[in-house]
Each structure stands twice: as C-alpha cells, then as structure tokens.
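Take a look at the structure set out below.
The values are calculated or read from the model by the stated rules, or taken from the named source; none is laboratory data. Predicted, not measured: the structure shown is a model, and the values here were computed from it. Heads up, the Cβs are rebuilt from the backbone with ideal geometry, glycines too, and the neighbour counts pull from every protein chain shown.
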Amino acid sequence: MISAKFISGTLPSTNSRFTERQLDHYRTYGQATMIRTGCLSGAFIGVKSSTKTVEIELEIKGRARNYLGLDVEVDNVVIKSLRMDLLPEMKKVTLHLVEFPDEKERLIKVYLPVSVEVDIFSFSADGKPLKRPEKRLLFLGDSITQGMDAVSPVCTYPVICAKILNMDFINQGVGGYVFDSESLDENFPFEPDIITVAYGVNDWNKDKSDWEINQAASTYLEKLKAIFKKAKVFVITPIWTDKEDQKKAAGTLQDLRKNIEDAAKKTGCYVINGLSLVPNNNFYFVDGIHPNETGHLMYGTNLACIIQGQLK
C-alpha cells in the first residue's frame, strides 16, 4: 500500500476525505452514500521521481458509476488521460500509465477516480512527496462537487479551481447530499483559508419546504463558521439545470436560490450566483443537472476568478 504522505486530498489519519466521526454519520444513510464517501474525489498521488515507468495497481470496490478515469500530469502538463468501462467481474486492475525515455527527475501527479471507490495496492514511482501549497481550500457540496458525472478527475471543478488559486485542498462533495449540520466535525484536522459550499438541489428535490431548507442551510452555515472561524466562506447557489420551470414544495429553483442566498447573508457568508458559473445550456451538461467535463472546466475557472476578486 502506498504511503499516505504521497497522497494529497485526503486526511492521513483515515486515508479518506473524511474523519472517522463523519464516516460514522454518513454510514447511517446507507451503502450508496458510503460508496460516495469512499471515492477519492480530488485526491492525487504526487511525487518527485526519476522513475522511467509509472504503473498503478488498484482494487475496485464500491461503484457510484461503472467507469473509471485517471489523469497523469508531468511537470504541470497533463500528458495522459485514461478512460475505462468497468465490467461487473473487475476486482483489480493494473494500469501502465507512462514510460519515460530517461531517468530525469520529474514532478508526477496521478489524479484518482471521482466516482469509483478504490484501494491503491501499489504505485511504481518512488521518490519524494511534492511540496504542498501553504493556503488551503475546502470544498463542500453534493454530487457536482464530488465530480460526477465527469470521467476525467483533473477536469472537475474543485481541481481546476484549486489549481488556478494554487491551494492545497480537500473535496468533501458527496453525491445526493443536502444541508446537514451533523456532517460537520468540530475536530476536523485541516484548517482551510477558504471554504465553498454548494448544496440545495437535493434538498429541493426531496420536496422540503422553503422554511425547512432555510433552517437547514442557516444551521449548517452557522455551525460551519463556528468551527472554521478564520476561513472565508463562499456559498454557491445552485447552477443551472434543465428543471428551471419545475415547482416543488419550496417553489422553483430560482426561489431556492433566493432562499439559500438569504441564509448565507444572514450568517455572514459571501454569496456566489451559481447561474454565472456554467453557461445555461444543455451542451455543458451530461443529463441536464451534472456538468460534463467542459462544464466543470467552466465552473472551476469562473469560481476561481470570483474568489480571486474577493481576496484582493
């Protein structure tokens, strides 16, 4: 098993994106949620190495989607993207990622799948862990934050945003999740300078009332700010979907956005209009809800620009 010191985007104590307390809480929501928390969304293996060969051996565990994507970045350039449909019988895969012509020292990153739970059995490139940026960023949200339904992990909006801002980060997006203050851990061992929060559509889809959503969002954000007193919190209202004309118990999606904006302002958070992040057109989406890789690239780039503007 690869040493945790080479993996960015996880907590060394758990080799997960979450603490034990958070995992215990998510466990109460069943297997589908636990599979999503087990995915290493946003995490990558980073090493300074003079290896000639990069190979990785993975055990395939839970699957939120039946495809796997890996991206290889060398000296800050993505040189290979691997795509694989997963057959039911696949339990382990050994992937030959790169063959270099010489033993020159290089900065190597292998971005791990966002929608498949894997264990890393072996990684051939030995060397020194990459130096992490000093500033830290925490992404909180649902399936879009987790990276679904992009196959390419390096194209997901948290990775793109963190790259542009040059920040160390953890992505705690969980597919299907909602504003839930019990998912926050007061003893979270990662002190972010910036936090982004992107929930709401699942709350709306569950036919919660506008009052219930406002209360859940307010309670969540109050607790978040109490835990991370030094962090700047950016609340992202839901991005465009093809369900804009639909009504639920809380009204339309535009009503939902206003509701979340009110809760964010009430708790002293910065508000980012989600409609400004991804063009409001199905071309940028897989299914009318989840951005495709182009949509994620737009999301991450626009989000980073807005955050940069607020930090000046």
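Let's see how each residue does on (1) among the polar types (S, T, N, Q); (2) part of a loop (DSSP other than H, G, I, E, B):
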| residue | (1), (2) |
| --- | --- |
| LYS223 | no, no |
| GLU244 | no, yes |
| GLN254 | yes, no |
| ALA263 | no, no |
| LEU275 | no, no |
| PRO279 | no, yes |
| TYR299 | no, no |
| GLN310 | yes, no |
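Listed here are the residues, each with its yes/no results for (1) modelled with pLDDT under 95; (2) of a type in the set (Ser, Thr, Tyr).
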{"residue": "ASP102", "(1), (2)": "no, no"}
{"residue": "LEU112", "(1), (2)": "no, no"}
{"residue": "SER115", "(1), (2)": "no, yes"}
{"residue": "PHE121", "(1), (2)": "yes, no"}
{"residue": "LEU137", "(1), (2)": "no, no"}
{"residue": "PHE169", "(1), (2)": "no, no"}
{"residue": "GLU191", "(1), (2)": "no, no"}
{"residue": "ILE195", "(1), (2)": "no, no"}
{"residue": "ASN202", "(1), (2)": "no, no"}
Open item on the list: Restricting to the stretch 215-264, and then to whatever is touching a helix residue (DSSP H, G or I) at 6+ places or on another chain (Cβ under 7 Å) and among the aromatic types (Phe, Trp, Tyr), can you tell me which residue is farthest from LYS135 (Cα to Cα)?
Closed with: TRP240
- [ ] Answer yes or no: is there a residue in the stretch 217-238 that is farther than 18 Å from LEU140 by Cβ, among the hydrophobic types (A, V, I, L, M, F, W, C) and touching a Gly at 6+ places or on another chain (Cβ under 9 Å).
- [x] no
Task: strands (runs of 3 or more DSSP E) fully within the stretch 1-102 counting 3 or more residues that are in contact with a Gly (Cβ under 9 Å, 6 or more places away or on another chain) - done: 44-49, 77-85
Open item on the list: Taking the conditions exactly as written (within 18 Å of GLY300 (Cβ to Cβ), in the same structural domain as ASP149 (by TED's automatic domain parsing) and in a helix (DSSP H, G or I)), does LYS163 satisfy them or not?
Closed with: yes
Open item on the list: Quick check on the stretch 61-79: of everything there that is over 21 Å from the mean Cα position of the chain (by Cα) and within 13 Å of VAL110 (Cβ to Cβ), which residue is surrounded by the fewest Cβ atoms within 10 Å (Cβ to Cβ)?
Closed with: ILE79
Task: Only listed residue being β-branched (Val, Ile, Thr) and either farther than 16 Å from THR267 by Cα or free of Cβ contacts under 8 Å to residues at least 12 places away in the same chain (or both), chosen from THR241, THR237, THR219 - done: THR241
